[in-house]
Amino acid sequence: MSALAESKDSPSPNGSFTADIFAAHLASLGHLPKWWLDLKREAWNRFVALPLPKRTDELWRFSNTAGVKLDGYALPESLDIGLSAEALSPSNGSKADHWSLAVPRAADLAFVNNRLASASALSADLAARGVIFTSLENALVKHADLVRRYFQAQTANLGADKLAALNAALTTSGAFLYVPRGVEIPAPFVATHAAAGAGSAVFPHTIVIAEDHAKVMLVEFFLSADEAKGFASGVNDLHAGDGAQLTYVGAQNWSRDTLSFQSNATTVQRDARVLSLNLHLGGRQSRHESHSRLQGPGAHSEMLALTIAQDAQEFDQRTLQTHQAPHTSSNLLYKNALLDRARTIFSGLIVVDPDAQKTDAYQSNRNLVLSPEAEASSLPGLEIQANDVRCTHGATTGHVDDEQMFYLESRGIRPALARELIVFGFFEEVLNKLENDELHAALRELIQSKFKK
């Protein structure tokens, strides 16, 4: 029996995502290219064939695989949920107050429940220079060749292949950003992805293409408009051509009852530089996979992440730095602050191919534990096949210094605020790597919002 012939009562591991749901989704996309629909069919068949993760899977070591269940979710049917672009702005007193940058931006897109809710127009100057910033659906109609070339051209391959296949099968919305050769844009582009309603499943997919010697920044926000149960499976394809400079910032604050998966694949060509910073705040169980491939001499990748884990949240982080060319460099710094009964898992690997001589790679995971019941697991690793390299890795886990707390409390600072100040001090090393001061300040605000809950 083929995947498309399954009944709607299809048992786990596919949960609520049945063949009938996929068939209805596909039927709604008849205006899109045939190759795109064929790609979706292939992705659906991969999703059906792949099992859910098991406790014995090495790539899911220490993860709560029992919590990865796909039951109770549905594709939202419409935008009639009381949300709009205005509802996502700071002036409306919504949860999104902390999720809009109060800084100039080149353009922005807002998606609600897998559909484009609003889009600002590019300036005439950027449009004339060939810059494209639009929805994935629109790009499939107007820029199909580019989408076909870069959509999941490289995958993370870090364990969540089933969820990445589900994204390809069911995605309808996402940001598509193309910057032609030599174009430099100082202001960031901004994309917001919102979910609303009980059981809503969202599938954001982002493609960023920075051609040779281009310079661009994309900031993405992922949030729930309410505290309902939700499901999110997102994928990013980031490409930096020769000599390009690409900065990517992703900040997520899904509801505390959301099961979240995010898979990022980055390719870095000759003399290009990519900085990616991911801020993790929301979700019941959240897994983030990031694979950076350095494919040309002189390529550099900076991989950064900040996480605040509270209550019984679990944040699972899997990374891969693959050096495929000589004279490449990468630096990874992931910092986690854990409170209450929260858990974090970090598993990172540096791989150096045989021809990647003169590689310089560094990887560090640092955990700040603020509760005796919190748990941080770290598994850094190296796989080196070249003989002239410099690669180091490490992980540290420490508790809040009693003397620091005493010093702050003795000056009238209450314990909760003292912990907040210590966390900010712990995170500042990562935030200082951002050249954009306004963005730095905005991320500090987002972090502070989590302590107010």
Determine if region 46-56 includes at least one residue that is open to solvent by 30 Å² or more (accessible area, probe 1.4 Å), of a type in the set (Val, Ile, Thr), modelled with pLDDT of 90 or more and not in a loop (DSSP other than H, G, I, E, B).
yes
Note on region 209-230: residues within 23 Å of Val131 (Cβ to Cβ) and open to solvent by less than 10 Å² (accessible area, probe 1.4 Å) are Ile209, Ala210, Ala214, Val216, Leu218, Val219, Glu220, Phe221
Residue among Ala96, Ala169 that alone is at pLDDT 95 or above, of a type outside the set (Phe, Trp, Tyr), under 21 Å from the mean Cα position of the chain (by Cα) and part of a helix (DSSP H, G or I):
Ala169
From Ser233, Ser255, grab the single residue that is in a loop (DSSP other than H, G, I, E, B) and open to solvent by less than 10 Å² (accessible area, probe 1.4 Å).
Ser255
Do you know which residues across region 136-159 are open to solvent by 10 Å² or more (accessible area, probe 1.4 Å) and outside any helix (DSSP H, G or I)?
His143, Phe151, Gln152, Ala153, Gln154, Thr155, Asn157, Leu158, Gly159
Residue in region 260-309 that is farthest from Lys452 (Cα to Cα), counting only those that are open to solvent by less than 10 Å² (accessible area, probe 1.4 Å) and in a loop (DSSP other than H, G, I, E, B):
Gly296
Of all residues in region 310-336, count the ones that are open to solvent by less than 10 Å² (accessible area, probe 1.4 Å), of a type outside the set (A, V, I, L, M, F, W, C) and not in a strand (DSSP E or B).
2
Pro188 vs. criteria in contact with a Lys or Arg (Cβ under 8 Å, 6 or more places away or on another chain), in contact (Cβ under 8 Å) with a residue 60 or more places away in the chain and of a type outside the set (Gly, Ala, Ser):
yes
Just one listed residue, out of Ala27, Ala74, is among the aliphatic types (A, V, I, L, M), under 18 Å from Gly199 (Cβ atoms) and surrounded by fewer than 16 Cβ atoms within 10 Å (Cβ to Cβ), and it is Ala74
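The values are calculated or read from the model by the stated rules, or taken from the named source; none is laboratory data. Everything quoted here is computed from the prediction, not taken from an experiment. Every residue, glycine among them, receives a Cβ derived from its backbone with ideal geometry; neighbour counts consider all protein chains shown. These area figures cover heavy atoms from the full protein model, side chains too; ligands, DNA and RNA do not enter into them. Shrake-Rupley method; radii C 1.70, N 1.55, O 1.52, S 1.80 Å.
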